[in-house]
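Notes follow the structure.
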Ligand code: PGA
């Protein structure tokens, strides 16, 4: 795959003011050739960040979406609403949504379908727990999470990303090694070939920093990275982009 992706997940790290201040700095950062970069800000900061990035090559994504377009769903924001305010991508099934907020594989599937129908490109996050890893259940867990989604892949799956984010590596400072992440990304692509002819881009996420980011890009099956905490620091962000230039 020739296109590479750099996705910055700002989670709930920043206040609205801090998000806007960082977005203004981000808008000034030159993007490496061939790299598609997007910021995933907090919902409340979304429109402000979109404004700050307008005119730059940076794109935008939602951290989560609800599957029904509109209605009596207190606290929810739909894929359609994010699309309306400029989102191009949406994270779906992030481990923090699955394990902190109790999102099921079926919830994830509905959100993926909603994104595709709305015209957002979903980034389906999958990953095994520390316990799965210990019990040698990585492939079992990933297959279970992926199959639920691909069972509905009657749409153009070329618009779908899979982000391999092992839970033991997210926010821990203990990344999955680039070689291991590459093996898993390759395995995910092979598995998905059983369900779709279109190529699915696979990203890696979990403790990516300026120290290791270039190493993931150098791998054959990894098409990009999803970066959390390292992406909310302007200096670190600039150093990561430089490492990819
Ligand atoms: P991290 O988070 O880079 O802070 O480990 C990655 C993610 O959750 O997307």
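The values are calculated or read from the model by the stated rules, or taken from the named source; none is laboratory data. Predicted model, so just to flag it, every value in this text is computed and none were measured. Heads up, the Cβs are rebuilt from the backbone with ideal geometry, glycines too, and the neighbour counts pull from every protein chain shown.
Residue under question is residue 204, and the condition is that it be in contact with a strand residue (DSSP E or B) (Cβ under 8 Å, 6 or more places away or on another chain), within 15 Å of the ligand (Cβ to nearest atom) and not in a helix (DSSP H, G or I); does it hold? Answer is yes for this residue.
In a loop (DSSP other than H, G, I, E, B), crowded, with 21+ Cβ neighbours inside 10 Å and within 16 Å of the ligand (Cβ to nearest atom): is that true of residue 166 in this structure? First the steps, then the outcome.
Details: in a loop (DSSP other than H, G, I, E, B): yes; crowded, with 21+ Cβ neighbours inside 10 Å: yes; within 16 Å of the ligand (Cβ to nearest atom): yes.
Here the answer is yes, as residue 166 does meet what is asked.
Among the numbered conditions (1) without any contact (Cβ under 8 Å) to a residue 12 or more places away in the chain; (2) part of a loop (DSSP other than H, G, I, E, B); (3) over 23 Å from residue 111 (Cβ atoms), the only one that residue 180 does not meet is (2).
Every listed requirement among (1) farther than 22 Å from residue 128 by Cβ; (2) modelled with pLDDT under 95; (3) buried (at least 17 other Cβ atoms within 10 Å of the Cβ) is met by residue 198 save one, (3).
Does the range 189-201 include one or more residues that are in contact with a strand residue (DSSP E or B) (Cβ under 8 Å, 6 or more places away or on another chain), within 12 Å of the ligand (Cβ to nearest atom) and touching a residue at least 24 places away in the same chain (Cβ under 8 Å)?
Taking the range 189-201 as the starting set, the residues that turn out to be in contact with a strand residue (DSSP E or B) (Cβ under 8 Å, 6 or more places away or on another chain) are 189, 192, 200-201.
Of the ones still in play, those that are also within 12 Å of the ligand (Cβ to nearest atom) are none.
Taking every residue of the range 189-201 in turn, none turns out to be in contact with a strand residue (DSSP E or B) (Cβ under 8 Å, 6 or more places away or on another chain), within 12 Å of the ligand (Cβ to nearest atom) and touching a residue at least 24 places away in the same chain (Cβ under 8 Å).
Which residues, counting only those in the range 109-123, are outside any loop (DSSP other than H, G, I, E, B) and in contact with a strand residue (DSSP E or B) (Cβ under 6 Å, 6 or more places away or on another chain)? Scanning the range 109-123 gives 111, 112, 115, 121, 122, 123.
From the list 147, 120, the one residue that fits, being more than 14 Å from residue 98 (Cβ to Cβ), buried (at least 22 other Cβ atoms within 10 Å of the Cβ) and away from the ligand (no atom under 16 Å from the Cβ), is 120. Please tell me if residue 186 is within 23 Å of residue 40 (Cα to Cα) and surrounded by fewer than 17 Cβ atoms within 10 Å (Cβ to Cβ). Spelling it out, it is not the case that residue 186 is within 23 Å of residue 40 (Cα to Cα) and surrounded by fewer than 17 Cβ atoms within 10 Å (Cβ to Cβ).
Looking only at the range 94-111, filter to residues that are within 12 Å of the ligand (Cβ to nearest atom) and either touching a residue at least 60 places away in the same chain (Cβ under 8 Å) or surrounded by 18 or more Cβ atoms within 10 Å (Cβ to Cβ) (or both); which one of those is nearest to residue 225 (Cα to Cα)? Even if it seems obvious, please write down each step before you answer.
From the range 94-111, those within 12 Å of the ligand (Cβ to nearest atom) are 94-100; that's our starting set.
Still in the running and either touching a residue at least 60 places away in the same chain (Cβ under 8 Å) or surrounded by 18 or more Cβ atoms within 10 Å (Cβ to Cβ) (or both): 94-99.
Numbers: 94: 14, 95: 16, 96: 17, 97: 19, 98: 20, 99: 21 Å.
Among those residues, the one meeting the criterion is 94.
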